[in-house]
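One structure is given here, and the rest of the page talks about it.
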Amino acid sequence: MGNNAAGNSKLLKMLIVDDEPIICKGLRFTIDWSELGIEVIGEAYDGEEALLAMERSGADIVLSDIRMDGMDGLQLAEQVRLRFPETKMIIISGYEDFEYARQAIRLGVDDYLLKPVDVDELIGVVETLIHDVRKQRQEGGIEEIKLWLTNMARHGIAYRKAAPSSLKGVQFRILATQLTFFQEHYAGLAQEAYGLIQENWISCLQQNLERPDLQLVSVFDHENLLITLAVSDHWMTPGEWLERLEPVFSQPFSKSRLCCGMSEVYSGIEETAGRCAEASELLRLYVLENKPLLDMEYSTRWSGTREPTPFNITALVQGLVSALFKQDGEETQRLAAGMFDFFRAEAYLLPEILTICEELFALLRQRLRKSGITGMEYSRQSPDLYLYNSYDALAELTRRDFTDLLELIEQSGTDRSYWIVEKAKRYIEEQYRTDLKASEVAAWLKITPSYFSYIFKQSTGKGFTEYMNELRIEQAKALLASTHDKVFEIADQVGYREYKYFVSVFKSHTGMTPKEYRGLRASQS
């Protein structure tokens, strides 16, 4: 990558194998192999000698006769496939026997030519193999870069491995992109549907931005965070970058749009970890003006002018406690809406709002306990701001949390177990794909396992394992009917690590195996 000319000029190694030296010489000198990009590393007169030569020098392409004393061409092909699987092999035969050709194909030989060899045909075959070898190497180089970039994004400066040697460029830039309004538009999508959106996301960047002078490598660091390393073979001005990027991010994408945090440009590839963090951090500024392209200049401008008024959390807690004990749902929601109207007007960033909300709910729990609400097992998981990446998404989450508190107070003194079980159900629905245990749910609710098992069975009429199996099987049925995923893949997706156990549970719930169920649904559609 970055220096294709240099990569293409590197000669590939070829070994010629025939038990007649004069034929080896003829194949070696009849064609100008160097002009094709080939270096003939030597000649071998049987299969065993060829293998020794490959162990010493390696070979990208082997050109071999089929009939030789000792180890013949077919035996050599079998050993090459086992010991040098990336090596390409051409068999030359003086026999038009179909059985030879069939065996050669079965052994993975790349082409099978008959004597006397047509020079033009041989050149064409070799050129095709040269292209295949270089394509494989390029793809392998891209995968190596992707792995390196993934670790740079996730582990930062703690990841000290040097960049792959294939990564060459004059100027680099990190583009961190995400889908706006994720919770509103994408949270409910099936895995397969969202996977297609991610594929289109990468394709959109590649098709609109990649040029011979600008290459991209993209990796997902989160389901809603794509880290793209842009590699330029020349120094681009800020105006040139904007000219390329603005048309891409000014247009709608899928159900919303993409926004992009752009790191500063840099020339030292060792800066990549810091630039990944820089670009990702810029995405948080999108809520201020819904500006799709965010750079350090934009961040600096806002940091100099944004001075939000401190939020009066004490007054809100007093109002909320009053509304909660009065069971006044309308007033509770009015207070929530007013809080977020304030955040918008004062240009609060989502992480700042999250901190205030966490403090707010801690104070509310404290006040409710002091007011006699016992058994405050209420637990609030911190939302993922890559998923809840808008004011509206956080506002809706907060309204739901206030509703949960209303239900808690309503149940207090009569049947607190109702609220506990409802929270447990919601948690189970989020975690059922994992190897979740009843004791883990109880620990999350901060109650004893025995108490949890008792109230769960009393409320649902089912034991924890039975409830989990029913939930997983219903999800599996939906996937079997709507996707082409293999049965063992669906088993893993819904939380079963043992395929046979999944099939057994599925059959006990439905009266048929997963394959029978899929066939039945297919026949009905």
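By DSSP, the beta bridges lying fully in the chain are antiparallel in about 50 percent of cases.
Against the chain, whose longest principal axis is taken from its Cα atoms, helix 73-83 shows a tilt of about 30°. Each residue was assigned an accessible area with a 1.4 Å probe, and for residue 423 the value is about 20 Å². For the stretch 14-98, GluC sites (Glu not before Pro) are listed when DSSP marks them as loop and at most 16 other Cβ atoms sit within 10 Å of their Cβ; the list is 86, 96.
The calculated Kirkwood hydrodynamic radius for the stretch 181-255 is 13.9 Å, given to one decimal from all distinct C-alpha pairs.
Accessible surface of the chain, 1.4 Å probe: 49 percent of it comes from carbon and sulfur atoms. Length gained on full extension, residue 57 to residue 404: 117.9 nm, using 0.36 nm per residue less the C-alpha separation. Between amide H atoms placed 1.01 Å from N, distances below 5 Å from residue 13 occur with 39, 60, 61, all of them 5 or more places distant or on a separate chain. Between residue 352 and residue 99, the simple label model (points 7 Å from Cα in the Cβ direction) yields a spacing of 8.3 nm. Nearest 20 debye, what's the magnitude of the dipole of the stretch 234-352 about its Cα centre given +1 on Lys and Arg Cβ and -1 on Asp and Glu Cβ? Roughly 400 debye, rounded to the nearest 20. Each principal axis of the Cα atoms in the stretch 122-260 has its own extent, and those three values, largest first, are 58, 37, 35 angstrom. Each residue of the stretch 300-315 is assigned a 3J(HN,Hα), and the resulting list reads 5, 4, 6, 5, x, 10, 8, 10, x, 5, x, 7, 8, 6, 5, 5 Hz, derived from the Karplus form 6.51 cos²θ - 1.76 cosθ + 1.60 (θ = phi - 60°), x at Gly and Pro.
Each Lys and Arg Cβ is given +1 and each Asp and Glu Cβ -1; about its Cα centre, the chain then shows a dipole of about 2680 debye. Shown here: the stretch 255-313, whose C-alpha atoms stretch 45, 31, 21 Å along the first, second and third principal axes, sorted largest to smallest.
Just the Cα atoms of the stretch 67-176, one point each, no solvent: what log10 I(q)/I(0) does Debye give at q = 0.10 Å⁻¹? Debye curve over Cα of the stretch 67-176, log10 I(q)/I(0) at q = 0.10 Å⁻¹: -0.50. Between 0 and 90 degrees, the angle of helix 499-510 with respect to the longest Cα principal axis of the chain falls at about 50 degrees.
Projected label points at residue 488 and residue 244, each 7 Å from Cα along the beta carbon direction, are separated by 4.3 nanometres.
Projecting the Cα atoms of 272, 366, 287 onto the charge dipole of the chain (Cβ charges, centred on the Cα centre) puts 366 farthest toward the positive pole.
In deg cm²/dmol and to the nearest 500, what is the mean residue ellipticity at 222 nm of the chain if only DSSP H runs of at least 4 residues count, each as -39500 (n - 2.57), divided by the residue total?
On the way: 24 runs with 305 residues, N = 525.
Result for the chain: -18500 deg cm²/dmol, rounded to the nearest 500.
Once both labels are positioned 7 Å from their Cα atoms along Cα-to-Cβ, the gap between residue 67 and residue 362 label points is 8.7 nm. Across the stretch 241-269, the residues whose backbone nitrogen lies under 18 Å from the label position 7 Å along the beta-carbon direction of residue 211 are 241-250, 265-266.
Loop-located trypsin sites (Lys or Arg not before Pro) across the stretch 487-521 with a Cβ neighbour count of 12 or fewer within 10 Å are 497, with loop assigned by DSSP. Probing with 1.4 Å while keeping every protein chain in the model, the per residue accessible area of the chain equals 51 Å².
Of the options (1) 28.9; (2) 23.8; (3) 24.8, only one is Kirkwood radius over Cα pairs in Å as computed from these coordinates, and that is (1). For trypsin sites (Lys or Arg not before Pro), the sites in the stretch 20-97 that DSSP calls loop and that have at most 15 other Cβ atoms within 10 Å are 67. Computed from the Cβ-Cβ distance with R0 of 45 Å, the FRET efficiency linking residue 429 to residue 203 stands at 0.90.
If you take the charge dipole of the chain about its Cα centre, with +1 on Lys and Arg Cβ and -1 on Asp and Glu Cβ, which of 424, 395, 119 is farthest toward its positive end? Final value for the positive-end residue is 424. Across the stretch 14-21, coupling constants 3J(HN,Hα) worked out from phi with the 6.51/-1.76/1.60 Karplus curve, θ = phi - 60°, read 10, 10, 9, 10, 6, 7, 10, x Hz, and Gly and Pro carry x. Helix 449-460 and the long axis of the chain differ in direction by around 80°, with both axes built from C-alpha atoms. With the cut-off at under 19 Å, measuring from each backbone N in the stretch 165-208 to a point 7 Å along the Cα-to-Cβ line of residue 392 picks out 178-189. Using the Karplus relation 6.51 cos²θ - 1.76 cosθ + 1.60 with θ = phi - 60°, the per-residue 3J(HN,Hα) values for the stretch 485-491 come to 4, 5, 4, 5, 5, 5, 4 Hz, with x marking Gly and Pro.
Sorting 172, 325 on solvent-accessible area from highest to lowest, probe radius 1.4 Å, gives 325, 172.
Kindly sort 332, 305 by accessible area of their heavy atoms, largest first, with the probe set to 1.4 Å. Intermediate values should be presented prior to the final figure.
Working: 332 0, 305 100 Å².
Largest accessible area first, the list is 305, 332.
The values are calculated or read from the model by the stated rules, or taken from the named source; none is laboratory data. Note that the coordinates shown come from a computational prediction; the quantities given were computed from them, not determined experimentally. Every residue, glycine as well, gets a Cβ built from its backbone with ideal geometry; the counts of neighbours run over all protein chains shown. Please note that ligands, DNA and RNA were not included when accessible areas were found on the heavy atoms of the full protein model with its side chains. Shrake-Rupley method; radii C 1.70, N 1.55, O 1.52, S 1.80 Å.
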